[in-house]
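Rule-based calculations on the coordinates, nothing more; no lab input. Just so you know, these numbers come straight off a predicted model, no measurement behind them. Here the Cβ positions follow ideal geometry from the backbone for every residue, glycine too, while neighbour counts run over all protein chains shown.
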Amino acid sequence: MIQDLLRISHVSKHFGGNVAVLDISFSVDEKQIVGLIGPNGAGKTTLFNCITGFFPATSGEVIFDTKKINDLRPDEICRLGMARTWQRVKPLGSLSVLENVMVGAFSVTNKARQAEENAMEQLKRVGLTDYASKSAGSLPIGLKKKLELARVLATEPKLLLLDEICGGLNHTETDTILDIIRTIRQRGTTIVFIEHDMKAVTSICDRIVVLNSGEMLAEGNPEEITNNPDVIAAYLGGGHHA
Amino acid sequence: MKQIALITILAAAAFALPLVIGENPYITGILISVLMMAALSSAWNILGGYAGQYSFGHAAYFGAGAYTTLILLTIYPTLNPLICVALGIIAASIIALITGSIVFRLRGHYFGLASIAVAEIVRLSVLNFDFTGGAQGILLSDVSLWGLDLNSKNPFYYGMLLVLVVTLGITAYLRTSKTGYYLQAIREDQDAASSLGINLSYYKNKSLLISAALTSVLGSLYGLYIRFIDTSAVLDLRLSIEIILTAIIGGVGTLWGPVVGALLLVPLAEMLRSNLLGDTLVKAGLVSETSALGIFLKENLAHAHVLVYGIITVLCILYLPKGILGLFRRTK
Amino acid sequence: MSFLQPLLSGILTGGVYALAGIGMSLVFGVMNISNFAHGDLMMLGMYLAYFAFTLLHIDPYLSLVLIIPTAFLFGYVLEKLLINRVINHPHQNQILLTIGLGLIMSNTALLAFTSDPKILTTSYSSSAFNLAGGISISVPLLLSFLITCVIITILYVFLSKSTTGMALRATSQNREAAQLMGINVAKMSAIAFGIGTALAATAGALIAPTYYIHPLAGHSFLLKAFTICVLGGLGSVVGAGVGGVIIGVVESMSSTYLSSDWKDVVVFMIFLAVLLFRPQGLFGNKGGQS
Ligand SMILES: Nc1ncnc2c1ncn2[C@@H]1O[C@H](COP(=O)(O)OP(=O)(O)OP(=O)(O)O)[C@@H](O)[C@H]1O
Ligand SMILES: [Mg+2]
């Protein structure tokens, strides 16, 4: 097992005078599932954007697989084996569901036929096989979330960053996605998981990191976090919705 | 595969067409214009339709081909024209790389604006330099290649057809390849594309280069065909817009859209220019030749084809933004 | 020749460019649309001033009293009828629609007024004040600059003090948030387009006494207006004002020290340089991400 597959040290992100993320440090070991939680506006998505190269961090270091990746572009980071999904889903609207996933698969193969095979496999994994030829833009939100997942899995990431992949889904849909995540982890993929649904987080995460107003509030295993008085205060005080 | 077969069949038909219509320079001339506009618009479509990067300055690449070829042939009359075509591609590629490296880092409106600025810089420079013939343009007296009769139109008909087939072939190939999928992903959502491992500026530049190179070949062919060029014929913003409009009317981002657009627009423009439309209206008895309207139409319709283009553009964007082929596209 | 002379004429012409640039920037800010018909709207302003002068014998500067409301109404109606239908379309469709409208305007003008350039000659067209050091200031340029200053001041007060002005600025900053705050953004778009059109037409009328009036004159002004907007930062009204003056001076300097044939090339080079080194413009806040 690799210790510290992802190491974030003292990462901050400012937007003009607005501090969205302040001095965050934690690390993720291989094959772990780490939850990233916090009230709305806590800076979770912004931290993902810093890690994946969409907004370079104002200060601090992001180290992936012993390599400093602060200055790399998102596509380079993806090809190194770290991939993310989007909280506000971003389907390639006029392409078909299968083609969406093929785009992901092309980061590991140059052959269209191979990409199509890989893509079909991922569609099967998330249960979208029947929708393969539908246009991605026309799917309902639950299926769009599944498409996000299939597409990003097709890039065969070592580390997967999931941004509210269960957001807006009902219980059965959430459970299917959690099951998928468990099997992904069994195959050796490491996962960082942003989620508001505490039950979902505590049920699958090995460790949890809590952000509040851009700062790190707590870190620990699910039991420690659910009993942490600071965390409880932040959630009751902050405008949290499940 | 199906598309490649269709391209082959239609190309064979187009190949045989001159044999059917026989020696008719007027009709052949119009057909050459149709083929050229179809090819120009298809080349634009690779960048604009598939990668979603609307270039409003493609005249620059057309002009680069035409001017490079004619300038070289005026200085070295014995040079093989195909070498000039190749050098035209290089000239166009340089312009493309400069444009691409400046603006492809940016998103949104900037590429469109910058493509016009670059095209205007090229146009004004050509207009102001002496070696380009300035406002007078360049007249080429004679040209020869492999003993072909370049005073007849048929070689150019086949030349344009060849470039069109190549362009459509490249497009058809792209659609089923990694690059084609990547370009479409960039068109749909740049952030998503980038998060899936797509190097945005590499693929945008790649499609711009392919598109610019094909466009410059057409410019060279046009220069050899007409043997007279000036900035208003080959470098004008109006040409760039005509190229886009052709694609829009047929269907942007579809293989056959530009061809359909050219089949409609070029003959329409020709009918307006030759006043065929005005004459038809009069002959059909819809308008009296001596009425004020009749006289107005007779005098002005020939100059009105750009006005008609404007009207078509507006109607098309409002009522048919996906073009004619968009109507028939099955919704998946 | 004195360095001050081209600087001064540059600033004076630049003021009028600023007017055109501000109009375009306002439309861009509020509606997020690049208006490619802006130059042709300027051309219409030139013809309005010309015909007010030749047919109605109204001084071109005085005729602004008629031109401004007419142009505002024209822009307002144009937005209501056509432009607002593409406001949620991909931006290339918006560009194409305005290109189409521009072609219709310029080519209708071509049919109606022919391609012969018209010249608007007033009694003071070629008069000038002579200052110390051999510097002279052309009277029409000075007049149009002063009028520009007045109009920009009025616009500034309107945007910062009136309810409508503040609603326009709020829409420009964040359309969705403005809508949530209960601002009628559809109406704001129409007003913005009306003001943009009025400013373009005013700029056209103001330069009419010093330029050839021609149906295709809008073309070069369009690109100038874009350069001004990008220089000032797309959507920034103050930036467009400063950008206009900068472009006026650059043009006048390059005509004097290089050649007037190359002045537009210099302007477009600046455009590309801004995109390369400072894409958000001198005062912009929307960055390269709009
Ligand atoms: N592009 C941006 N420009 C300016 N401020 C931003 C930007 N992106 C995020 N912010 C600000 O950063 C802060 C953190 O936002 P972020 O989206 O990271 O929160 P989050 O924890 O993901 O919240 P949520 O649970 O609602 O998704 C917010 O105050 C937000 O307004
Ligand atoms: Mg978030």
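So what are the ³J(HN,Hα) numbers for region C:2-9, from phi and the Karplus equation (6.51, -1.76, 1.60; θ = phi - 60°), rounded to whole Hz, Gly and Pro as x?
So the J values, rounded to whole Hz, are 5, 5, 6, 4, x, 4, 5, 5.
For the pairs A:LYS90/A:LYS144; B:LYS2/B:LYS206; A:LYS44/A:LYS199; C:LYS187/C:LYS224, flag any whose C-alpha to C-alpha distance is greater than 20 Å. Numbers along the way, then the final one.
Numbers: A:LYS90/A:LYS144 8 Å; B:LYS2/B:LYS206 26 Å; A:LYS44/A:LYS199 18 Å; C:LYS187/C:LYS224 28 Å.
The pairs that break the limit, which is 20 Å between Cα atoms, are B:LYS2/B:LYS206; C:LYS187/C:LYS224.
Which residue, B:LEU265, B:LEU82, B:LEU237, tops the fluctuation ranking in a GNM of chain B built on C-alpha contacts under 10 Å?
Per the Cα network of chain B with a 10 Å cutoff, B:LEU82 tops the list.
Using a Förster radius of 60 Å, what is the FRET efficiency between C:LEU7 and C:LEU82 based on their Cβ-Cβ separation? Nearest 0.05, please.
The pair C:LEU7/C:LEU82 has a calculated efficiency of 0.90.
Taking H placed 1.01 Å from N in the peptide plane, check which residues at least 5 places from A:ILE2 or on another chain put their amide H under 5 Å from its amide H.
Distant-sequence amide H within range of A:ILE2: A:GLU30.
Which of rounded, prolate or oblate describes region B:66-205 when judged by the alpha-carbon gyration tensor and an a/c cut-off of 1.5?
Oblate, because a/c is 1.5 or more while a/b does not exceed b/c.
Mind giving me the FRET efficiency for B:PHE328 and A:GLU219? R0 is 60 Å, r the Cβ-Cβ distance, nearest 0.05 is fine.
So the FRET efficiency works out to roughly 0.55.
Output wanted: per-residue J couplings in Hz (rounded whole) for region B:110-125, from phi through Karplus 6.51 cos²θ - 1.76 cosθ + 1.60, θ = phi - 60°, x for Gly and Pro.
For region B:110-125, the Karplus curve yields 5, 4, x, 5, 5, 5, 5, 4, 4, 4, 5, 4, 4, 4, 5, 5 Hz.
If contacts are Cα pairs under 8 angstrom and at least 6 residues apart, what is the relative contact order of region B:2-237 in percent?
41 percent
Using modelled backbone amide H atoms (1.01 Å from N, in-plane), which distant-in-sequence or interchain residues come within less than 5 Å of C:ALA128's amide H?
C:VAL139
Can you sort A:ASP230, C:ASP40, B:ASP189 from fewest to most other Cβ atoms within 10 Å of each residue's own Cβ?
A:ASP230, B:ASP189, C:ASP40
Considering every Cα-Cα pair within region A:106-187, what fraction, in whole percent, is farther apart than 14 Å?
The answer is 64 percent, as a whole percent.
To the nearest 500 deg cm²/dmol, what mean residue ellipticity at 222 nm is calculated for chain A from DSSP H runs of n ≥ 4 alone, each contributing -39,500 (n - 2.57), summed and divided by the residues?
Computed ellipticity for chain A at 222 nm equals -11000 deg cm²/dmol.
Tell me whether region C:16-218 comes out rounded, prolate or oblate; compute the Cα gyration tensor, take square roots of the eigenvalues as a ≥ b ≥ c, and use a/c under 1.5 as the rounded threshold.
oblate
For a quick check: with amide H placed at 1.01 Å from N, whose amide H comes under 5 Å from A:SER96's, ignoring anything fewer than 5 positions away on the same chain?
A:ALA136
Points 7 angstrom from Cα along the Cβ direction at A:ASP175 and B:ASN128: gap in nanometres?
Placing both labels 7 Å along Cα→Cβ, they lie 7.3 nm apart.
Which of A:VAL34, A:VAL103, A:VAL152 ends up with the largest GNM mean-square fluctuation for chain A, with Cα atoms connected below 10 Å?
Result: A:VAL103 has the largest fluctuation of those listed.
With θ set to phi - 60°, apply the Karplus curve 6.51 cos²θ - 1.76 cosθ + 1.60 along region B:279-293 and write out the HN-Hα couplings as whole Hz, x wherever there is a Gly or Pro.
Values, residue by residue: 4, 4, 4, 5, 4, 6, x, 6, 10, 7, 5, 9, 5, 4, 4 Hz.
Would you mind checking the tilt of helix C:218-232 against the longest principal axis of the Cα atoms of chain C, expressed as 0 to 90 degrees and rounded to 10?
Helix C:218-232 and the main axis of chain C meet at about 70 degrees.
Taking a temperature of 10 °C and a viscosity of 1.306 mPa s, what whole-number D in µm²/s does Stokes-Einstein yield for the protein assembly as shown with Rh from Kirkwood over alpha carbon pairs? Don't jump to the answer; show the numbers that get you there.
Details: Rh = 29.8 Å.
In µm²/s, the coefficient rounds to 53.
Full-extension gain between C:LEU216 and C:LEU180, please, as 0.36 nm times their residue separation minus the C-alpha to C-alpha distance.
Once the chain is fully extended between C:LEU216 and C:LEU180, it gains 8.8 nm.
Defining a contact as two alpha carbons under 8 Å apart and six or more residues distant in sequence, what relative contact order in percent does chain C show?
Over chain C, the number comes to 38 percent.
With n ≥ 4 as the cut-off for DSSP H runs, can you work out [θ] at 222 nm for chain B, using -39500 (n - 2.57) per run divided by the number of residues, rounded to the nearest 500?
For chain B, the value works out to -23500 deg cm²/dmol.
Say each of B:ASP142 and C:ALA112 gets a label point 7 Å from the Cα, pointing the same way as Cα to Cβ; how far apart are those two points in nm?
Output for this residue pair reads 5.3 nm.
If you take the square roots of the eigenvalues of the alpha-carbon gyration tensor of chain B and sort them as a ≥ b ≥ c, do you get rounded (a/c under 1.5), prolate (a/b over b/c) or oblate?
Note, shape of chain B comes out rounded.
Once you've got the GNM for chain C with C-alpha springs shorter than 10 Å, pick whichever of C:LYS161, C:LYS80, C:LYS118 has the biggest mean-square fluctuation.
It is C:LYS161.
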